[in-house]
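Inspection log for the structure reproduced underneath, given as structure tokens.
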Amino acid sequence: SQTIHQWPATLVQPVGSPLSLECTVEGTSNPNLYWYRQAAGRGLQLLFYSVGIGQISSEVPQNLSASRPQDRQFILSSKKLLLSDSGFYLCAWRRQNTGELFFGEGSRLTVL
Amino acid sequence: DAKTTQPPSMDCAEGRAANLPCNHSTISGNEYVYWYRQIHSQGPQYIIHGLKNNETNEMASLIITEDRKSSTLILPHATLRDTAVYYCIVISTGNQFYFGTGTSLTVIP
């Protein structure tokens, strides 16, 4: 069966520090991968998606970036965090061009 | 993808059926209706999806009107654990999932 894991689960970082959130999927190949963010009390915002290794599409211009170094690995990064980057970050996978999304457990980031 | 409209909040008595409506009047022929829910501090969970016909699984039933301009998610016997935000999304194959604000369902003991 397919599983998705992301880490760390919680993170407290000072403004201006770097960020790296990792997500891996097991049990499937060539998935579409997604990063969403949910600010406190808000809906889910699609940040990035990837249909293959090295292929990243950005939905919202900001100081975040994403990379896909391997088929089943998706990384969200920032060189310098802002207070507004605080939120609940969710990784998700989907079979190529079909079917439903499956979400990871989420990573809660607090920027102080 | 077609936009959806959902009521911001609903209450349901425990053990009763919860009927969550969704309007998608601009839906096109190749767009599916998906339902997800998000329990507090967790990632969204897939519930059900359909194209034209009504669908049922172990979690819920999805009723799509004949003109496909609206649908209803039915939780047949709501429990306290069904308290969550429910998202209705209309999407065509190959496009991306965009989540709205959904309906916050509270199941009351």
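Shielding value for B:56-66 is 0, the average number of Cβ atoms from other chains within 10 Å of each residue's Cβ. Percent antiparallel among DSSP beta bridges with both residues in chain A, to the nearest 5? Among the beta bridges of chain A, antiparallel pairing accounts for roughly 90 percent.
Taking only the C-alpha atoms of segment B:11-109, the Rg (one decimal) and the largest Cα-Cα distance, Dmax (whole number), read 13.1, 41 Å. With N counted as the residues of segment A:7-112, its alpha-carbon radius of gyration over 2.2 N^0.38 Å works out to 1.02. Considering only A:Gln73, A:Asn63, A:Leu21, and ranking their Cα positions along the charge dipole of chain A that arises from unit charges at the beta-carbon of Lys, Arg, Asp and Glu, the one farthest toward the positive end is A:Asn63. Shielding value for B:98-105 is 3, the average number of Cβ atoms from other chains within 10 Å of each residue's Cβ. Per residue, the convex hull spanned by the Cα atoms of segment B:5-51 amounts to 113 cubic angstrom. Less than 5 angstrom separates the built amide H of A:Leu81 from those of A:Gly16, A:Ser17, all sequence-distant by 5 or more or on a different chain. Translational diffusion of the protein assembly as shown was estimated from the Stokes-Einstein equation, with Rh taken as the Kirkwood radius over Cα pairs; at 20 °C and 1.002 mPa s the coefficient is 118 µm²/s. Checking Cβ-Cβ separations below 4.7 Å across chain B identifies B:Cys12 as cysteines lacking any candidate disulfide partner. The trypsin sites (Lys or Arg not before Pro) of segment A:1-89 that DSSP puts in a loop, and whose beta carbon has at most 13 other beta carbons within 10 Å, are A:Arg42, A:Lys79, A:Lys80. Note that segment A:25-35 has calculated 3J(HN,Hα) couplings of 10, 10, x, 8, 10, 6, x, 7, 10, 9, 10 Hz, one per residue in order, obtained from phi through the Karplus relation 6.51 cos²θ - 1.76 cosθ + 1.60 (θ = phi - 60°); glycine and proline are x.
Summary value for chain B: 37 percent relative contact order, contacts being C-alpha pairs under 8 angstrom separated by 6+ residues.
Counting only Cβ charges, +1 for Lys and Arg and -1 for Asp and Glu, the dipole size of the protein assembly as shown around its Cα centre is about 420 debye.
Each reported figure results from applying straightforward, stated rules to the coordinates on display, with no laboratory input. Because the structure is a prediction, the values reported are computed rather than measured. Quick reminder, even Gly has a Cβ in these numbers, built from the backbone with ideal geometry, and neighbours come from all protein chains shown.
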